[in-house]
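In what follows, a structure is listed as structure tokens, so that the remarks can point back to it.
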Amino acid sequence: MLALADGARHGYAIKQEVESRTEGAIALGPGTLYEAIQRLEDGGLIEETPPAADAINGQEAQRRYYRLTPRGWTTLREELRSLGRIVDLARENPRLRKGLA
Amino acid sequence: MRLAARLLLRLFPPAFRQRHGGELLATIDAESRAPGNQSRTARLRFQSHVVVDLVAAACRSRARQARGAIQQRLGNGPPRLPASAKRTAMDTFANDVRYSLRQLIRRPGFAAIAIFSLGLAIGANSLIYGLLDGLVLRPFPYPDPDRLVAVGVTFPKVSAQTSYIETLSPAEYSDIRTVSSFSHAASFDLGNRNIIGGDAPERVFTALLLDDLFPVIGLAPALGRGFTREELAPGGAPAAIISHRLWQSRFGGDPGILDRPVRISGRAVSIVGVMPPGLIVIGTDLWLPWGGDPLTMPRNVRQFNVLARLAPGATLTQANAELATVARQVEGDHKAQFAEYENWQLTATPWAAALLRDVRPAGFILLGAVGLVLLIACANMTNLFLARSSSRQRELAVRLALGAGRWRLTRVLLTESILLSLLGACLGLFIAWVGLKGASGLIPAQFQSLGLEAAVNVRVLTWSVLLALASGLLVGALPALQAIRTDPHESLRADVRTGGSRAGQRVRQALVVAELALSVVLLVGAGLLLRTFFNVQRVERGFDARGLLTMRLTLPRDRYPGDAAGVFFDRLAERLAGLPGVRSVAAASQFPPGETFSTRFTLEGETPDAKRLPTSLITVATPMYFETLRVPLRAGRWFTATDRLDAPLVAIVNQAFVDRYLRGVNPIGHRLTIGNADRQRPWTTIVGVVANYRNTALTEPVRPALYTPVRQQTEWNQLFVLVRSDVAAASLLPTVRQTVSAIDLEQPVYLARTMDDALAAATFQQRASALLLGIFAAVALVLAAVGTYGVMACVVSMRTQEMGVRLAVGAQPRDVMWLVLKQVLRLVAIGLALGIPIVLAGGSALESLLFGVRAADPLTIGLVSGLLAAVAVIAAWVPAARAARVDPIQALRVE
């Protein structure tokens, strides 16, 4: 979902984005990728959108593009907030601080 | 790759496939073109990653779809909480599975080895279990097969054997009917009948019923009806029931069959029913009322089988107790007239066990053997897991330090091993499926004619899954235990090298010793069976099987009365002998190695023995019989063309007969009466003695045998024809058939096969068990070798520094190598010390399968010990050589 925060992308682009952001640590398999897309779509967190104007031509146009729905945005923000709280809590622990600084 | 992905895409729900299929494939294409995926290893890794990923995602997708469907059916269930808020046991489990899958993908080589070796072992188990299930445990399609029993009989005065087939008389059957533990009982005689009502006459294996058999076996006709009481009574309207197989093959599955007139052995008969498909009774295809009046049959004419079904609530023990009472009653009433009733016994045994008792021991021994193979495979896998978990110790320690519960950790590890063994079971089931498809070669001919077959069914499936779960637990237990004991403090601080601790080493060596010991057991078993097989092949048969074609003919009584049958066979033999390439032709009521017909007899000047009634095999034969089999004459003369009904009765006996009954007497000219001593019978004079040949089985001692000329009797209308020729025996068959139909157009030739085939069938069990056990032993040996290699490689890498020091202070590479090999030989020695006592103790189980060799055979055990030591040394050679090549400087620098 974080990969869609910058704007609409198609499946393969999401995968590339995730890989480049995590420096290859998370490599989504094709099955996992599209299964996740389907799940998010079913949950009303993302939706299909017409492709961006600059990708009208060529192969890129045949792919489906996805963007976050308003509900998706809310959920993403909530998730990030709660993850942030956990990290904050962890920082308060002196024994863990060193590794997280 | 694209094709594989397309196939895997089928695993997803159709909606998903439609929506994302194209893009998914395009993504895979794009990925595979990525510069990082061009080398061979990278491509392989990428491909296996994609496959596992697709399977896993498909499972998730399907599961989600199913969940959705259930929720829809339940209406608006409770609102779903976000996943993180509700963590059920199922989620944890799913997490473990996901984690394990990821672990496996990360080490595809490890996963492949594990799945392959466990798959092979589980596959062998499923295969043997499938065979056992199809042939021994549940061979029949009857309801409640365990409650269907056969009644067998033992006459200790005649033989110690209990027989179940064609052994009781109608009078004895009506005695048995009084047993109240049986809800139904039926009796039938087996025979062959000619059926006409198509293009060519055909012999059909038939059961002639004294009573309604179908309620006993619990099956009803699929078409038409069963027999009525009137039809079963003596002199009832002629009616027949046919098998599904016969209905299809002979009548093309014609639904109007019930109205069609059919001629069976010369009589017009109406077919009243067709049975459902599947085996009914020992491969019979036709059921007819017996037709005669059973009360007129003497008590000692025993040609009937008795089957019964246990009454609800009754046990086999109760039935046998009641049968014992019946036997004592009959003994009291009839012993004076029929001496064989002294101490006779009636025994009820489940039908499958009674019919298949010859193969049961071999089946269970093979099942035990594949069980051992699986244990060895498990030991091997445990070793692999231990090696890996010691290299994973750091990861586990970190998890423990972060607060993971030890139970949770155990579960993660066990999930991994069980997942692997379940994947192995999938491969195993595939192996079993392929194996059982091609198993017709593994099913003895005599069982094929019974219509028995083996296939992967629910029971085989369950068995495989249970085995997989058990081996998963077994494999995972030790590594998990080790993980639990891990002290995170120690592990994180210590510099963990691959190979683990000394204690870990000891565990792994113990596992290898166990593998070696189990291999000894399997190898010795295989060696003994192999020697048995060769012994059976080499056994002095006493007759010449090469170039012999055998077949059977049965002439109907009404058209061949009196000695007309004998005349027919004489004429046939004469004509066949004139065919080009034919050396000699004979007809006989039976031929080796499967002779069964036997008779009582009384020698002149002897009163019937009080303890044992003398019995002998009896064969009626044409004069050329012995020459055709190439059995030499020891004394006296052969049968001649003048030995006819109007001449004095003559007989030939074999050497075993002379040794047993005529010791110290000149047999030639000695007289005897053949048959029961209950009435006056004519004297028969012994005119010749022939050499012994293995008459009942290749592995059985020669039984006393009597031979009488075909032309001096009027009883036998069903004989085998034996043709010895210089041409290929099988190519002769069409000409033989033509010759037969030239004499009588209506006579089918059946059971035609070469003597070599008959012998192959007779030695089938030895061949099949030697082959199968040999394969299992070879697999075991390979697994043990792999295990030995793994452990020794580990030992060497642990002792690298020590080796370095030794080399630095002047040890020769040879010494270092010897050091390693010595350790291997010590493991082998312990393995032998453990395995050989098991062999000696368990040998008695194998004894019944052996021939010409004892279970405690020193030669076999010696050879196996040598083989095992050699294989272990070869397996350890590479690590040993590596140890010898250690560079002292390098080794010491590590420190």
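Axis of helix B:14-32 versus longest Cα principal axis of chain B: the two differ by about 60°, to the nearest ten degrees. B:Ile217 accessible area, nearest 10 Å², 1.4 Å probe? Estimated to the nearest 10 Å², B:Ile217 gives 0 Å².
Using a Förster radius of 41 Å, what is the FRET efficiency between B:Ser797 and B:Arg33 based on their Cβ-Cβ separation? Nearest 0.05, please. It comes out at approximately 0.55.
Its Kirkwood hydrodynamic radius, worked out from the mean inverse distance over all distinct Cα pairs, puts the range B:720-800 at 17.9 Å.
Where the alpha-carbon atoms of chain B are placed on the principal axes, they occupy 106, 80, 61 Å, in descending order. Between B:Glu395 and A:Glu23, the simple label model (points 7 Å from Cα in the Cβ direction) yields a spacing of 2.0 nm.
Against the main long axis of the alpha-carbon atoms of chain B, helix B:502-538 sits at an angle near 20°. In this assembly, the B-A interface accounts for approximately 1800 Å² of buried accessible surface in total, computed with a 1.4 Å probe and without ligands, DNA or RNA. Counting only protein chain heavy atoms and rolling a 1.4 Å probe, the accessible areas of B:Lys335, B:Lys437, B:Lys157 rank, largest first, as B:Lys437, B:Lys335, B:Lys157. Peptide B:26-33 is shielded by partner chain Cβ atoms: per residue, an average of 5 of them sit within 10 Å of its Cβ.
Between the helical axis of B:108-132 and the longest alpha-carbon principal axis of chain B there is an angle of about 20 degrees. What accessible area, in Å² to the nearest ten, does a 1.4 Å probe give for B:Leu429? Near enough 30 Å² of accessible area. As an equivalent ellipsoid, the range B:162-306 spans semi-axes of 26, 16, 14 angstrom, where each value is the square root of five times an eigenvalue of the C-alpha gyration tensor, largest first.
Taking all protein chains as they are arranged and a probe of 1.4 Å, the heavy atoms of B:Leu645 leave approximately 80 Å² accessible to solvent.
A simple charge model with +1 on the Cβ of Lys and Arg, -1 on the Cβ of Asp and Glu and nothing else charged puts the dipole of the protein assembly as shown at about 3880 debye relative to its Cα centre. Treating each Cα of the range B:571-719 as one equal point scatterer and applying the Debye formula with no solvent, the log10 of I(q)/I(0) at q = 0.10, 0.17 Å⁻¹ comes out as -0.34, -0.99.
Counting only helical runs of four or more DSSP H residues, what would the 222 nm mean residue ellipticity of chain B come to if each run contributes -39,500 (n - 2.57) and the total is spread over all its residues? After summing the helix terms and dividing by residue count, I get -17000 deg cm²/dmol.
Just the projected area, averaged over all directions, of the convex hull on the alpha carbon atoms of the range B:774-870: how many nm²?
Averaging across all directions leaves 7.5 nm² for the Cα convex hull.
Mind checking which of B:Ile686, B:Ala339, B:Ala526 is farthest towards the positive end of chain B's charge dipole, using Cβ charges of +1 (Lys, Arg) and -1 (Asp, Glu) about the Cα centre? My answer, from the dipole projection, is B:Ala526.
Using only alpha-carbon positions in the protein assembly as shown, the gyration tensor eigenvalues give semi-axes of 72, 38, 27 Å once each is multiplied by 5 and square-rooted (largest first).
The values are calculated or read from the model by the stated rules, or taken from the named source; none is laboratory data. Just so we're clear, the structure is a prediction, and the values are computed from it rather than from any experiment. Neighbour counts run over all protein chains shown; Cβ positions are idealised from the backbone, glycine included. The accessibility values were calculated without ligands, DNA or RNA, using every heavy atom of the protein model including side chains. Shrake-Rupley method; radii C 1.70, N 1.55, O 1.52, S 1.80 Å.
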